[in-house]
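Have a look at the structure below, then the notes.
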Amino acid sequence: MATNGNGLKDDVSTISTNGGSKVFAKSHSTVVNGAATETSSQNGVAVQLQRFTFSPEPTIEDIRRMQAEFTDERNWNQFHQPRNLLLAMVGEVGEVSELFQWRGEVADGLPDWTEAEREQLAHELSDVLIYLVELAEKCRVDLPQAVLRKMALNRLKYPASKVHGSAKKYTEYKD
């Protein structure tokens, strides 16, 4: 991210596709205490949004390395084959689902949840991420690069000018 001189950061993504490279400019943002204030323009009017942001560390590679060390120390690689990791991850997704079951719609930020419930959710989501990262490692999928490629495909399948405000599948949009 580049600083634009006003203390704001210009969030720009460059994604390569088929040998070409595209630059996607996003809104300007600044981070304060883990929440990003984002300035966006809607119909020519500047809008301030509070966006949650992740901490910069650990990186996905750090998580991969920590889990690999954890698994190696316990001689668990014999059990951590792709199929087993996938099934374990699905089980953890089920545990996340269980936390939301019977609650109806849940507001952004989980304002009605207790600290204990939030902590339990953090544990279960962490389990899902750990298994996902380890599965990607075992399958030799570079997740950060795969995400960049997938986002480029999603931009093509779901151009903002066609899909803004709609939840239709890309196959339902006419050219």
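The values are calculated or read from the model by the stated rules, or taken from the named source; none is laboratory data. Quick caveat, the model's predicted, so the values are computed rather than measured. Cβ atoms come from the backbone with ideal geometry, glycine included; neighbour counts cover every protein chain shown. These accessible areas exclude ligands, DNA and RNA; they are computed on the full protein's heavy atoms, side chains included. Shrake-Rupley method; radii C 1.70, N 1.55, O 1.52, S 1.80 Å.
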- [ ] List every residue pair whose Cβ atoms sit under 9 Å apart, with the two residues 6 or more apart in sequence or on different chains, where the first one lies in segment 58-73 and is under 11 Å from Glu134 (Cα atoms) and the second, anywhere, is among the acidic types (Asp, Glu) and open to solvent by 70 Å² or more (accessible area, probe 1.4 Å).
- [x] none
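Yes/no matrix, rows are residues, columns are (1) modelled with pLDDT of 55 or more; (2) loosely packed, with under 11 Cβ neighbours inside 10 Å; (3) more than 23 Å from Gln145 (Cβ to Cβ):
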position: Ala2; (1), (2), (3): no, yes, no
position: Asp10; (1), (2), (3): no, no, no
position: Val32; (1), (2), (3): no, yes, yes
position: Arg118; (1), (2), (3): yes, no, yes
Open item on the list: So, in segment 120-140, how many residues would count as being open to solvent by 50 Å² or more (accessible area, probe 1.4 Å) and under 13 Å from the mean Cα position of the chain (by Cα)?
Closed with: 4
Open item on the list: If the requirement is being farther than 21 Å from Phe79 by Cα, without any contact (Cβ under 8 Å) to a residue 12 or more places away in the chain, open to solvent by less than 70 Å² (accessible area, probe 1.4 Å) and among the aliphatic types (A, V, I, L, M), which of these qualifies: Leu143, Leu110?
Closed with: Leu110
Open item on the list: What's the total number of residues in segment 56-80 that are assigned to a loop (DSSP other than H, G, I, E, B), open to solvent by 80 Å² or more (accessible area, probe 1.4 Å) and closer than 18 Å to Leu143 by Cα?
Closed with: 2
